[in-house]
1. Between rounded, prolate and oblate, where does the stretch 157-308 land on the alpha carbon gyration tensor, with a ≥ b ≥ c its root eigenvalues, rounded for a/c under 1.5, else prolate if a/b exceeds b/c?
2. For the stretch 74-86, in order, what is each residue's ³J(HN,Hα) by Karplus, 6.51 cos²θ - 1.76 cosθ + 1.60 with θ = phi - 60°, in whole Hz (x at glycine and Pro)?
3. Keeping all protein chains in place and using 1.4 angstrom, which order do 291, 423 fall into by accessible surface area, from largest down?
4. Angle between the Cα long axis of helix 790-810 and the longest principal axis of the chain, 0 to 90 degrees, nearest 10?
5. Any chance you could check the Cα centroid distance between the stretch 774-808 and the stretch 170-189 for me, in angstrom?
6. Could you go through the stretch 635-649 in sequence order and give the Karplus-derived ³J(HN,Hα) for each residue, using 6.51 cos²θ - 1.76 cosθ + 1.60 with θ = phi - 60°, rounded to whole Hz, and x for Gly and Pro?
7. Could you state the angle between the C-alpha long axis of helix 15-27 and the longest principal axis of the C-alpha atoms of the chain, as a value from 0 to 90 degrees rounded to the nearest 10?
8. For the stretch 750-852, what's the relative contact order in percent, using C-alpha pairs closer than 8 Å and at least 6 residues apart?
Amino acid sequence: MSQVVTENVLRPGWSRLACVYFLFTTILAPSGTYANTGSVGQGDVIDLRAWRSPAYYVSGPVAEAEREIIDTFRERHPNINPVGTEGLVIPGKTRDMVPFMQIAGGIAPDVLYVNFRQSQTYIGMGLLYPLDNYVEAMAGVEIDDLAAAQMSTTEYIKRLQQGDGWQDIADRVPDQCWQVIRRKSRDGDGYHIYAFPAGPLVMGMYFNRPLFAEHTGQGVQMRPPNDWGEMLAWAKLMTDPNDNRYGFYVDANTSSWHFANLLYSAGGNVVHQVRADELEHFRKKYVNVREDDWVCVFDTDEAVEAAYYWARLRHEKVERDGKLVCYGVVRASSSQTGEAIDYAMGFTSLDYRFLDGAQDQTMGFGPVPKGPTGLSRSQFNSRLLGIFSGLADDDIRRDAAWDYITFYDGIEARRIRVEKLVEAGLGPFMPRRLLERYNNDGRYNSVIRRISPELERTYEIASAGGVPEPYGKNCQYVYDEMAKPLDEIWNDRSGRIRAAINAGDKVEATRIIRGILERATEKINIRMLGNLPPDVAKRRNVVSWGVIVLVLICFIWVMRVVLKAFTPRHTHGLGGWQFGKHWKAYLLASPALLLIGMWMYWPMLRGTTIAFQDYSVVGQSEWVGASNFSEVLFSGEFWYSVWVTALYAIMFMVFGFCMPIVLAFLLSEVPRGKILFRTIFYLPAVLTGLVVIIMWKGFYAPDGMINDLLNGVVWILNLLPGIQIDLFREDWLQNPKWALFFCLLPTVWAGMGPGCLIYLAALKTIPEEIYEAADIDGAGIRYKVTHVAIPTIKILVMINFVGAMIGAIRGSGGFILAMTGGGPYSGLGGATEVVGLKLFFTTFGYLRFGVGAAMAWVIGAMLIGFTVLQLKRLSNVEFRTAGGD
């Protein structure tokens, strides 16, 4: 049974997060602390940190409407000043991480943006304040809190419908949103509303009107396809790789996002919430499944059918006049490609308030084609706004946050949007219902008449068939995990799927695809949702506790080695600590010892408990035993980041550690200009890290210095007869093979000078008489380096070697964070995501402090060997003054 830690970390007891900070800084990584939002008094102007407070330098009708909405809000609420909450957006990472990092840094937004797939994470961590009382007041009803929490969502809605303000809620909360915004609380006391919609989105299909017009004589009609069969047939007709034309668009970076619409139209789902009557069935496979838990159901018959169609889009022959044109009607392209490619069709988002893509008159829109079951279903999503739970004791600021949420997409805000967009000529691309609502004086009659019936039909069908985006536990990872089996089906390295499809053998093709989906489903349930088969759960638990014991033994051993190594030999057997004899020395050392103990070792020991908790920055934390260590030890992403770190450390030792030594030897032998050369090599160290990063990122850009140098060589080679080499336009930091090396170069360049001067100073301590004696003996430069210089500075090199290795592992994340953010990402992780970044993202990007603490201890145990080696060498070093005996 799990236990609950009853300590509430929102009170002044900040020491627990301080424990996390020093745990990470002592062992491996940087950290931060959480600070509560300051309260305000009655009548004070509140600077409300709110999502979507627009920047004033952004132009366009949509941005102008957003600004006028905020300005109008300030007029209606002069004591509330909404300010933006833009934070650090890391390359290769979504904005989903920004609020978590702000919360971890003590600058949490008052109004949080919540998307569907992260909603359970926010609720499970206790980051959202329940909005029940606010919504009930908005509806004009009063419901007892305990009674409301025990009502089903259907019963609760019926009760809200009895109020005078229900219509406003009904207009703003689509039916699909209720199951997402009203959820069971983290402590299980019932159901609460945790967020409020602020702009629903549905998925539809766009089609290329000019491309469709070219093929109307071949059976293509000027409308979106009705079903899968029509879609594939038309896509084949419009696919011609020679003209860079493809029948269907899929972004390789978001393949699962596209596939989800096919899955829903086939009648399937990505995840499923377990009901009470299903527990026995699911527990046969996953031992720790509980009622209302989420499981992946990516291996159902409907999913297999959708994946088979997905494979046909990629592998089925496209023929003209009996000749093969290509395989597949899609090109798995990246959204960053600069090639001019025409796509006939694709999926796109449709905002309930304004279809911005409809501005392009070359595009038509329609619902997602019907699947084999006759269903036209697609993904439904919505922007959600919630109030940070840190405002639980601040009524004034919390009320201000609710005022902002209700106003942002309320009646007056929608009126402003309608006016601005109509003024910009975009009225025909808005839903009819919005224009009719604000058409009291008939001012929008002409605009309403120009609304396309096709667009209206698209909204109606897409809304009716909208399936909420996965919103269960850890569903923020669902698209990444789905993409892996989908990519396996598309890549089809064995060629068996393609062969079966083009041979008309659907049975064989679906058999292979089912196997891929079943393996992926099991991995997703284990890795993403934490649902383990009984034998796997038992084995992992045993291994995890074994590693914990091993880590503990290692640290005890280190302390023993340290005490032994630094205890002077002449004190052995003299009777212990000898406080009476050396009390003055102990007295002088006690302030330093107390400070070190208070700010390093006590927080480290105190913070160790976090590694055994599902730690929450607000509310209560649950004891979870060894599950955090289990997640780390059996995480492919973690071990991949360890591998990337090892590669980085090896390259750093070769270039960052050895090169300054070589340079020091060269400078010591330069006959003239030593001061000039030393100054030149040291100058990069004077530059700030920000300047170095900006400068080198510019070097690596497609139009940067690296490509210019390479293109100079290419230009010379192309002058030779018979040689024609394409010019380089490579973005080197987006190249998985070279990104890690190029992240290292700025560090080597900036640090080579100071390192060189240290070794140069050490070489100057070698008496000239030794070199003269070597010259008399006929020694050459190689002999003097290997037998005179290196033995003399060997101790310094060895001490720095261990320190440099530990530093490369611990401190490699800083430059890489700014250069690439750990990317480019593919497979198990980022090509430059070293373990320090992995720990940082896990702890502060996703607020998984328990997993981050376990990760830090595992890495710390790996570094123990280097630490012991360094300490033993330091204990054997004897320092003397120059000229001493």
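The values are calculated or read from the model by the stated rules, or taken from the named source; none is laboratory data. Just so you know, these numbers come straight off a predicted model, no measurement behind them. When we count neighbours, we look across all protein chains shown, and the Cβ atoms used for this are built from the backbone with ideal geometry, even at glycine. Protein only, heavy atoms only, side chains kept; ligands, DNA and RNA dropped before computing areas. Shrake-Rupley method; radii C 1.70, N 1.55, O 1.52, S 1.80 Å.
1. It comes out oblate by the Cα gyration axes.
2. After applying 6.51 cos²θ - 1.76 cosθ + 1.60, I find 5, 5, 6, 10, x, 8, 10, 10, x, 10, x, 10, 4 Hz.
3. Final ranking, largest accessible area leading: 423, 291.
4. In the chain, helix 790-810 runs at an angle near 20 degrees to the longest axis.
5. 69
6. So the Karplus estimates, Gly and Pro as x, are 9, x, 5, 5, 5, 5, 5, 5, 5, 4, 5, 4, 4, 4, 5 Hz.
7. Computed tilt is about 60 degrees.
8. 15
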